[in-house]
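Take a look at the structure set out below.
Read-outs throughout are calculated quantities, based only on the coordinates presented, and are distinct from any laboratory measurement. Keep in mind that what you see is a predicted model, and the values were worked out from it rather than measured. Every residue, glycine as well, gets a Cβ built from its backbone with ideal geometry; the counts of neighbours run over all protein chains shown.
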Amino acid sequence: MTEKKSHLPSLVAEMEDKVVGFILGDASGWEYGVPQNIGWIDTIGVDPSYQKKAVARIVIEEMLNYIKK
């Protein structure tokens with residue numbers, strides 16, 4: 001059986017040459033009979049010293065922009 005995987009990237013946020021956040025997402029269409037136009041965020045993380053600086057919002061917006069394409 002061949003498993004189909006989406007081609008959604010994992011994204012990182014960098015500030016001052018340091019990774020300060022990340023997001024892991026996926027799109028369906030290959031698992032559980034979920035329609036292909038469904039995507040989800042699996043994991044998101046932000047370095048504690050960079051929290052409350054819009055890092056999470058930015059990586060979420062970038063992931064959503066990619067999914068919409």
Counted neighbours (other Cβ, 10 Å), sorted fewest up, put ASP47, ASP42, ASP17, ASP26 in the order ASP17, ASP42, ASP47, ASP26
Can you put ILE23, ILE58 in order of Cβ neighbours within 10 angstrom, beginning with the fewest? ILE58, ILE23
Quick check on the exposure proxy: order MET63, MET15 from fewest to most C-beta atoms within 10 angstrom. MET15, MET63
I need the calculated FRET efficiency for the pair GLU16 and ILE38, taking r as the beta carbon distance and R₀ as 35 Å, to the nearest 0.05. 0.45
Rg from C-alpha atoms of the stretch 11-68, normalised by the globular rule of thumb 2.2 N^0.38 Å, equals 1.28
